[in-house]
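Below is one structure, written out as structure tokens; the observations come after it.
The values are calculated or read from the model by the stated rules, or taken from the named source; none is laboratory data. Every value quoted in this text rests on a predicted model; they were computed, and no experiment measured them. As a convention, Cβ positions derive from the backbone with ideal geometry for all residues, glycine included, and neighbour counts pool all protein chains shown. Protein only, heavy atoms only, side chains kept; ligands, DNA and RNA dropped before computing areas. Shrake-Rupley method; radii C 1.70, N 1.55, O 1.52, S 1.80 Å.
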Amino acid sequence: MSDISAPHSGYFAAAQQARLQVALASLIATGLFATLLISFEPFASNERFAVEPAGPNPVNQIGFSILCLIAIGGMATVALRKHVAAIADTGWVVIAACLLFSASNASDPAGALRSIAFTLFVVITCAGVLALPHSVSRLSTVLASAILLVLALSYFGILFLPELAIHGPGGAEAQHEGLWRGLFPHKNVAGPVVATFLFVGIYLMRAGNRWTGILIILLSALFVIQTGSRTTNGMIPLAIGTVLLGRLTATRWIPPLAAIALVGVAALFTVGASLSAAIFEMIADYISDPTYTGRTTLWAYGLEYIAQQPWAGYGFDNFWLKPIVTDSFLPIDAEWDYRDIVNGHNNYIDLALFMGVPAAAIVILLLCVRPMFDYARCRPFSENRRLADCFMMILVFVLLNSMLESSWFRRADPTWVMMIIAVLGLRMTSRLNLRPDDNQTR
């Protein structure tokens with residue numbers, strides 16, 4: 001009897017071990033994603049967000065180093081090898097090379113290299129979030145669990161810690177009084193990142209998690225409205241509509257082409273306003289503040305310096321708040337004092353300032369354009385297509401928002417985290433036939 005039961009007990013032990021491995025992989029992915037979004041300093045402050053750099057932070061440095069090690073360990077032990085292989089991409093090697101090139105031109109190369117290292121740690125951690133879940137249903141649970149935790153903490157802060165979760169009347173940005181920021185440092189961070197949660201909610205509804213999706217959509221929509229960002233509110237339907245075009249036309253190539261055209265139009269009517277008086281006057285006929293809260297001053301200033309050093313730039317994270325800016329002359333009619341600004345409020349301009357136009361163009365092609373082709377080449381399975389639609393909405397939204405804010409390569413900025421998830425996720429949906437559950441294979 002013992003000889004007969006031994007194989008059966010071995011089978012059940014192996015099955016139980018496999019189930020534990022699947023559960024552990026999902027648990028690790030959820031913890032990684034939630035920590036990236038919440039950060040190690042939730043509700044950390046601040047009226048100084050827009051006027052002072054964060055500076056080296058040992059807590060973040062140690063914390064995100066540990067997250068990276070956990071992600072690597074998880075991918076090496078409990079992740080499916082084909083998931084890791086689908087996300088692995090030589091394009092990131094080229095991006096890293098461009099970043100290292102920019103560090104070589106920095107006035108503080110050691111500081112630039114440190115910033116680049118922690119940025120890449122976050123990229124690896126995001127890869128772990130996507131590679132660890134063994135199925136689409138597991139990945140859906142990871143995304144939903146982490147996002148609901150972030151929203152719960154943010155609403156808890158709004159209800160019980162309003163002095164930390166809602167902008168107050170004092171400080172340098174008293175005009176933001178009453179606007180929500182939740183556990184994030186500023187409404188300009190909170191609005192865009194929570195907007196991306198709304199796209200995940202749409203995906204969850206389409207994937208069969210109807211009530212979880214509806215809950216995330218409602219909580220996210222209310223939150224974004226309370227951040228007071230009309231621009232963010234306007235970008236949400238544009239991102240959804242771009243992907244919906246593909247559904248209406250039954251072709252995967254329409255959304256990428258529409259997205260590229262949309263970003264081009266956005267550039268014309270934002271950065272273009274800082275270059276052309278005619279465009280500025282045309283915009284003034286439709287919106288109350290054609291300077292975009294003084295951003296046109298920053299963009300014109302940044303473009304002027306790009307023209308002076310277009311090939312190599314000024315080094316990664318080595319322009320704003322550096323002597324080249326802080327010691328410069330401020331015209332009396334300037335809408336914004338760029339000498340105290342932490343970034344240029346435009347990812348594309350900041351990228352060219354940091355690494356020069358050629359390297360910036362390479363990074364934009366790899367980080368923004370190529371993922372759209374990954375979307376068009378998505379594997380022809382419903383699980384792949386629903387997930388790709390979600391990631392495409394996130395990507396389009398972030399690319400539009402990048403005309404007004406800077407988040408790329410800013411270590412653990414949650415908007416940057418969501419963009420990495422979208423970019424890596426689109427790569428995965430184009431290279432891997434995703435399983436709807438733990439037992440089904442293709």
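Worth pointing out:
- With a requirement of 1 or more residues that are more than 27 Å from residue 419 (Cα to Cα), the helices (runs of 4 or more DSSP H) lying completely within the range 291-378 that satisfy it span 295-308, 323-326.
- Listed conditions (1) surrounded by 14 or more Cβ atoms within 10 Å (Cβ to Cβ); (2) without any contact (Cβ under 8 Å) to a residue 60 or more places away in the chain; (3) more than 24 Å from residue 384 (Cβ to Cβ); (4) not β-branched (Val, Ile, Thr) are all met by residue 245, apart from (3).
- Summed over the range 248-265, the residues that are open to solvent by 20 Å² or more (accessible area, probe 1.4 Å), within 19 Å of residue 423 (Cβ to Cβ) and not β-branched (Val, Ile, Thr) give a count of 5.
- Some residue of the range 28-37 being within 18 Å of residue 183 (Cα to Cα), in contact with a Phe, Trp or Tyr (Cβ under 8 Å, 6 or more places away or on another chain) and at pLDDT 90 or above: no
- Here the range 294-326 is the region considered, the condition is being free of Cβ contacts under 8 Å to residues at least 24 places away in the same chain and polar (S, T, N, Q), and the residue that is farthest from residue 352 (Cα to Cα) is 326.
- Conditions (1) at pLDDT 90 or above; (2) open to solvent by 20 Å² or more (accessible area, probe 1.4 Å): number failed by residue 195: (2)
- Summed over the range 128-162, the residues that are basic (Lys, Arg) and outside any helix (DSSP H, G or I) give a count of 0.
- Scope the range 206-221; condition assigned to a helix (DSSP H, G or I) and either small (Gly, Ala, Ser) or open to solvent by 80 Å² or more (accessible area, probe 1.4 Å) (or both); matching residues: 206, 210, 211, 213, 215, 218, 220, 221
- The set of residues from the range 225-256 being of a type in the set (A, V, I, L, M) and part of a helix (DSSP H, G or I) comprises 225, 235, 236, 238, 239, 240, 243, 244, 245, 248, 254.
- Residue that is modelled with the lowest pLDDT [pool: residues in the range 268-289 that are surrounded by 14 or more Cβ atoms within 10 Å (Cβ to Cβ) and polar (S, T, N, Q)]: 274
- Considering (1) within 19 Å of residue 364 (Cα to Cα); (2) at pLDDT 95 or above; (3) open to solvent by 10 Å² or more (accessible area, probe 1.4 Å), the lone condition that residue 95 does not fulfil carries the number (3).
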